[in-house]
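Q: Structure in structure tokens, see below.
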Amino acid sequence: MPLLVGLVSTLGSIVVLTVFFAILYFLFYTRQGRILLHRGRPGEYDDEQAFLREEEEGLQHMDDIARTSYLQSRAFQEANPPDSIPTDISLSQFMAIQEKGVSAWEFEPDFENANCFVEARTEIAFYDSECCVQTNLPVPKQNDVYYWEAKLYDKPEQTLVSIGMCTKPYPTFRLPGYHKFSVAYNSLGERRHNMPFHGIPYGPQLQQGDVVGVGFRPRTGTIFFTRNGKKLDDAAHGMKFNLFPTIGSNGPCTVHVNFGQAGFVFIEANVKKWGLAPVTGSLAPPPPYGAEQGSILLEIGRVGSGMVNNYGTSPVAPVSAVRVGQYLPANHRNVGFQPQPPSNRPPSYTSDTDEQAGPPENAHLLGQSPPPAFEDGH
């Protein structure tokens, strides 16, 4: 009996060790068993050699243009790693957000590389080459969730559109989701997260008129997408960086973005107010048209500035004369005051008659009378 127990225990130990070594071999020496970093960031491997093998295989299937673009973007990121420039919201930017609200966010195209045009801050028109455009400010991190939406206002069938979030600096001649610390949902229905070679099926394909929403949870670094108001699965985790809304395209299309200045298609984002900032800030709106009507100072300035025309005449009496006349005594009002044009002749400083000059011509208008004449002998 003790011999049987020992034999069973020995066989059990051998089985356990065999299973253990089989698991290790599967994880480290087979292609299907590669370990992904952070589980949700496909494209980044603990085994750098595995990524190099995939890169070599991917480059073989690329054409010359795609291969050149990839190599240029790889060199760009090696020279400009993510967050190599200050991307935190500065004090001046924070004050601008407080004053303008959600209007502080706008897309800034790189005119040297990006083949697109931005109108009214959030309306992007792409042209005939691959490029992307990012916002001037990152998504804040104070709240639990931030959310924004992009509508495919005009999209031909052959155009590929990619909508997502990236760090800065990011190569503007590439689409979001193709390189490190970027994630995107493209119009082919794929999710790309740090994946330059191939995407993963994620959701329905995007067509003209569709609205894609992007949600960000700063505490966990989770990014999720919505399509036409329906939430999809989480696309990435651990993205605890300064992320910028990014939109890219490889052909002509038009995309309109809503950061919260209007209602969202995703109802939960409307109810919980997940926009990037309040709709209005502390900056007072400009006065409405016509608000200056009835202002004495503005009317005096307006009429007084045009009182004398090019011919030296004044066809209309200034408002100031009429309004000031309202405060004169009753017997001095409505006296037909006519302003005199300014004289271009300077006064004479050598005239002997200045001291003997009589009262001014309009002395009767001011209630003055000439002094009595002295008679001879008095």
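Q: Whole Å is fine, so just give me how far the alpha carbon centre of the stretch 167-189 lies from that of the stretch 227-273.
A: 14 Å
Q: A further question follows. Using the Cα centre as the reference, give the magnitude of the dipole from point charges on the C-beta atoms of the stretch 84-230 (Lys, Arg: +1; Asp, Glu: -1; all else neutral), rounded to the nearest 20 debye. If you can, show how the numbers build up before the last one.
A: Numbers: 14 positive and 16 negative charges, 143 e Å.
Around 680 debye, computed over the stretch 84-230.
Q: For a paramagnetic label modelled at 7 Å from the Cα of Lys231 toward its Cβ, which residues of the stretch 132-155 fall within the zone defined by backbone nitrogen distances under 15 Å?
A: 144-148
Q: A further question follows. Residues of the stretch 62-146: accessible area per residue at 1.4 Å, in Å²? Show your work: numbers first, answer last.
A: Details: 4800 Å² over 85 residues.
Per-residue accessible area for the stretch 62-146 comes out at 56 Å².
Q: Let me ask something else. If the cut-off is 20 Å between C-alpha atoms, which lysines fall inside it for Lys230, apart from same-chain ones fewer than 8 positions away?
A: Lys151, Lys272, Lys273
Q: Show me 167-179, 208-220 ranked by packing, highest mean number of other Cβ atoms within 10 Å first.
A: Values: 167-179: 23.5, 208-220: 19.3.
Per-residue Cβ counts within 10 Å, averaged per peptide and sorted highest first, yield 167-179, 208-220.
Q: Which three extents, in whole angstrom, do the alpha-carbon atoms of the stretch 73-115 cover along their principal axes, largest first?
A: 39, 24, 12
Q: Calculate the spin-label point distance for Gln60 paired with Leu11, positioning each point 7 Å from the Cα along the beta-carbon direction, and give it in nanometres.
A: 4.6 nm
Q: Quick one: grab the alpha carbon gyration tensor of the stretch 91-213, order the square roots of its eigenvalues as a ≥ b ≥ c, and give me rounded if a/c is under 1.5, else prolate or oblate depending on whether a/b is larger than b/c.
A: It is prolate, given that a/c is not under 1.5 and a/b is the larger ratio.
Q: I've got another one for you. What does the charge count near Leu137 come to, summing +1 for each Lys or Arg and -1 for each Asp or Glu among other residues with Cβ under 10 Å from its Cβ? All intermediate terms of the calculation are to be shown ahead of the outcome.
A: Details: positive: none; negative: Glu106, Glu108.
So the environment of Leu137 carries a net charge of -2.
Q: To continue, here is another question. So how much slack lies between Phe111 and Thr18, counting 0.36 nm per residue of separation and subtracting their Cα-Cα distance, in nm?
A: Numbers: separation 93, 0.36 × 93 = 33.48 nm, distance 6.06 nm.
Extra length from Phe111 to Thr18 when fully extended: 27.4 nm.
Q: Can you tell me, using C-alpha contacts under 8 Å and at least 6 residues apart, the relative contact order of the stretch 212-252 as a whole percent?
A: Numbers: 56 pairs, mean separation 12.9, N = 41.
After rounding, I find 31 percent.
The values are calculated or read from the model by the stated rules, or taken from the named source; none is laboratory data. All values reported here derive from a predicted model rather than from experimental measurement. With ideal geometry, Cβ positions are generated from the backbone for all residues, glycine too; neighbour counts draw on all protein chains shown. Ligands, DNA and RNA are excluded from the accessible area calculation, which covers all protein heavy atoms including side chains. Shrake-Rupley method; radii C 1.70, N 1.55, O 1.52, S 1.80 Å.
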